[in-house]
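**Q** My structure is below; once you've seen it, I'll send some questions.
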Amino acid sequence: MIANPTTQVDWNGIAPIITIAVTALVVPFADLFARTHAKRWVAILIGGLGTLLAAGLCAQQYGSTGTVFGGAFALGGFTVVFEEIVLLALFGSLLLFATTMQERRVGGSVALMLWSACGALLMAGASNLMTVFLGIELLSLALYCLCGMNDRPASRESALKYLVLSSTASGFMLLGMALLFGASGSVALSSLTLGGLATSSFLWSGSALFFVGLAFKMSLAPFHAWSPDVYEGAPMPVTAFMSVATKAATLAVLARFLYAALPTGMSSAFLLPIWILAGLSMLVGNLGMLAQTDLKRLLAYSGVAQAGYLLVALAGTTALGLRYAIYYLVAYAIMNLGAFSVAAALSDEKEAGSALSAYHALASRRPYLAAMMSLFLLALAGLPPTAGFLGKILLLSTGVATGYWWLAVLLILGTAISLFAYAKIIRAMYARPDGKAQPELPVAPWPAMISIALYGIALVVMTFYPLTPSNIVPFVR
Amino acid sequence: MDLTVLPVALGDYIGLSLVIFFIGVAGIALRRNPLIVLMSIELMWNAANLLFITFARVYMNNAGHIFAFLVITVAAAEAAIGLAIVVVVFRNAKNVDVDDVRILRG
Amino acid sequence: MAPYGSVALYLCVALAAALLFTVLPGLLAKPKPNAHKDEAYECGVEPTSSVSGRFPVRFYLIAMLFVVFDVEAASFYPWAVQMHALRMFGLLEMAVFVVVLGIGYAYVWKKGGFSWR
């Protein structure tokens, strides 16, 4: 007879998730009863406060260890780092609602984004297959709705496309999970480490299907075809959130699987397909960027390439590699949010800042925004003086150190290709005005301007203080 | 693993599950009606459910049953959202056909 | 394949019965066609268009809401099985679940999702 199978530790462990969930329940109701012209700021304010509270609760968990709820959710530094990245993405994206999206849709969108973040937080700490599945689905289901939140037909269609393709990928992943369950007889990820499973056909086929699902969510080539269309169709705050949170949460699941759930005595050939996908992503993503005329599409292809870069650090599954991957992920989150913030500052409900033509001769009209955009693009390209540069050096060093030199070569090659795409935008921004009448630029509110400055400062400061959590690996299990 | 609890061989369950799964995959690849596509997705998810139930029986571990429940409820939410998106996409269209979704370049 | 023998037998009988009932009338009955037989059955006016036509999008919306609130009841089963063991804790957990579901219900109601416009 168990009266209460949970303890206080359990509830403390998922306190950030509960906070976000409760905020997600409060926001739509506040929206129903708020005055018509206050709806936008009421939703952003409540969502932002909830996010800050969750981030504070989350930080307190850094030193704790073990799992809660019968091994469903792991505590500790690894979980906390990924949770904080998701919360950063959430907070940054909430700010973008200040200018983009129609007032009457903001409340619902903020609530859905909070639910989506809930799923991403669950994934960050998921240590059994059920939590992984629940997290991924909560993240994705809310994102499907968010993608269709605009009135543009492209937005609706991107939602349908995302739903069909992503659910199919979930189907593959679910079959993989069933086979993994069949291999070990337990849903706990740690149960897969039993040595006898290294040659189990259930484990091999199950992991392969599981990786296909994760590769899709992370938009690794050749499973990336959805991402440019969906990024373009989705409203701007959603694209910003999706590009960071989905990658961070999926990387958390993948890293936990690679570091904590592989059977002892597994051959390295088992993971080779993942590194091949990483190499392919770097090529496809960077080549795809060259022909784009829309910022969101360009950043989608950039995201494909960046996902490949991140995996270079994990190749060889060394402790140092995981630290560097987290460093690069933080840098990627900040530069992506920065670029989207500039785009949102140039946009209204019509999202004019999404077209690359809007950046022509921007420096003469909005020098501050043009300068910051250049910084973020340099960071995405991996040039000094930004964290993107240091991050790429660290990734390269692990790639070479673990013997995956061909990935390092592809990383350099991909970076060289991407320079053309990024440089094209910077050149356009600093070109002379061509005399043609440009549409009037909106004036962004001050929180947006300040957040852009903070992202820029953070990117430069991170270069000189490469804070990587040194004791992260013991926390993965 | 205790295979004696199963009335037929384990391979038969896995085979049936795979057949259902690939009927779903074929449905998504070949059919153009989004409602049929949504049904095919359900088929894929339920193929996985069958495997979960099978292994739950083989290992005498209730986690498989709970997982199947979880999948059923999530699938319902997914179907509802899918239906909602289909309705808003095709509200002004004559036919319901995923090939008509052409504004975004592949 | 022994365990499947009864299944195969069942399928054969079902197929045979279905075939029997569709083929036999055509073989036994003497066809006597006349114009009245081709008309719509018994009463009512002649249909003017395809019967399986379009119906309002409202039906889909109601169906969608029904599916959500209906299938979420599946979450009650695991609790119902362990109800006695979980005692007060289980009851409170389910209460939280119902409250969350209720909030969703209230939101849909206030937004006018149930009104038949």
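Coordinate-derived values only; no laboratory data. Not measured: the values here are computed from a predicted model. Virtual Cβ from ideal backbone geometry, glycine too; neighbours counted across all protein chains shown.
**Q** Can you list residues whose amide H is under 5 Å from A:ASN128's amide H, if they're 5+ apart or on another chain and H is modeled 1.01 Å from N?
**A** Counting only residues 5 or more places away or on other chains, the set is A:LEU189.
**Q** Okay, next question. May I ask for the net charge around A:CYS118, where only other residues with Cβ less than 13 Å from the Cβ of A:CYS118 are counted and Lys, Arg are +1 while Asp, Glu are -1?
**A** On the way: positive: none; negative: A:GLU83, A:GLU137.
Its environment carries a net charge of -2.
**Q** Can you tell me how much longer the chain between A:GLN8 and A:LEU290 gets when fully stretched, taken as 0.36 nm per residue apart minus their C-alpha distance, in nm with one decimal? Don't skip to the answer; put the middle values down first.
**A** Numbers: separation 282, 0.36 × 282 = 101.52 nm, distance 5.30 nm.
That works out to 96.2 nm of additional length.
**Q** For a label point 7 Å from the Cα of A:VAL460 along Cα→C-beta, name the residues of region A:345-367 whose backbone N is under 15 Å from it.
**A** Zone members listed by number: none at all.
**Q** Provide the per-residue ³J(HN,Hα) series for region C:65-77, in order, calculated from phi with Karplus coefficients 6.51, -1.76, 1.60 and θ = phi - 60°, each as a whole number of Hz, with x at glycine and proline positions.
**A** Result, rounded to whole Hz: 5, 4, 4, 4, 6, 6, 6, 4, 4, 4, 5, 6, 4.
**Q** I've got another one for you. Can you return the lysines within cross-link range of A:LYS296? Criterion is Cα-Cα under 20 Å, with same-chain partners fewer than 8 residues away left out.
**A** Of all the lysines, those that pass the test against A:LYS296 - Cα under 20 Å, at least 8 places apart if same chain - are A:LYS161, A:LYS217, A:LYS247, A:LYS350, A:LYS424.
**Q** At 0.36 nm per residue, minus the direct Cα-Cα distance, what do A:ALA401 and A:GLN102 gain on full extension? Give it in nm, one decimal, please.
**A** Between A:ALA401 and A:GLN102, full extension yields 102.6 nm more.
**Q** Calculate the spin-label point distance for C:SER6 paired with B:ASP2, positioning each point 7 Å from the Cα along the beta-carbon direction, and give it in nanometres.
**A** Going from the B:ASP2 label point to the C:SER6 one covers 2.2 nm.
**Q** Apply 1/(1 + (r/R0)^6) to the Cβ-Cβ distance of C:PHE66 and B:LEU16, taking R0 = 30 Å, and write down the FRET efficiency to the nearest 0.05.
**A** Working: r = 30 Å, r/R0 = 1.00.
Approximately 0.50, to the nearest 0.05.
**Q** Got a sec? Charge dipole of the protein assembly as shown, +1 on Cβ for Lys and Arg, -1 for Asp and Glu; which of A:PRO235, A:LEU411, A:LEU377 is way out at the positive end?
**A** Farthest towards the positive pole: A:LEU377.
**Q** Cβ under 15 Å from A:ILE18's Cβ, A:ILE18 left aside: what net charge do those residues give with Lys, Arg +1 and Asp, Glu -1? Display every interim value, and only then the final one.
**A** Working: positive: none; negative: A:ASP10, A:GLU83, C:GLU93.
With Lys, Arg at +1 and Asp, Glu at -1, the net is -3.
**Q** Per-residue ellipticity at 222 nm for chain A, helices alone: DSSP H runs ≥ 4 residues times -39500 (n - 2.57), over residue total, nearest 500 deg cm²/dmol?
**A** Working: 19 runs with 328 residues, N = 477.
Using -39500 (n - 2.57) per qualifying helix, the result is -23000 deg cm²/dmol.
**Q** Sticking with this one: For region A:370-426 and region A:74-137, compute the distance between their C-alpha centroids and round to whole Å.
**A** 27
**Q** Could you work out the local net charge near B:ALA9, counting Lys and Arg as +1, Asp and Glu as -1, over the other residues with Cβ closer than 14 Å to its Cβ?
**A** On the way: positive: B:ARG57; negative: B:ASP2, B:ASP12.
Combined, the nearby Lys, Arg, Asp and Glu give -1.
**Q** Please list, ordered by chain and number, the residues whose modelled amide H lies under 5 Å from the amide H of A:THR67; skip anything fewer than 5 residues away on the same chain.
**A** Under 5 Å from the amide H of A:THR67 lie the amide H atoms of A:LEU75, each far enough along the sequence or on another chain.
**Q** Continuing with the same structure: Quick one: 3J(HN,Hα) in Hz for region A:36-49, Karplus 6.51/-1.76/1.60 with θ = phi - 60°, rounded, Gly and Pro as x.
**A** Per residue, the Karplus-derived 3J(HN,Hα) values read 3, 8, 9, 4, 4, 6, 4, 5, 5, 5, 5, x, x, 4 Hz.
**Q** Which whole-Hz couplings ³J(HN,Hα) result when phi for each residue of region A:301-317 is put into the Karplus expression 6.51 cos²θ - 1.76 cosθ + 1.60, θ = phi - 60°, listed in order with x for Gly and Pro?
**A** Those phi angles translate into 5, 4, x, 4, 5, 5, 4, x, 4, 4, 6, 4, 5, 7, 4, x, 6 Hz.
**Q** Based on the Cβ-Cβ distance of A:ALA352 and A:ALA34, what FRET efficiency does E = 1/(1 + (r/R0)^6) give at R0 = 25 Å, to the nearest 0.05? It would help to have the intermediate numbers written out before the result.
**A** Details: r = 27 Å, r/R0 = 1.09.
Step by step, r from the Cβ atoms, then E = 0.35.
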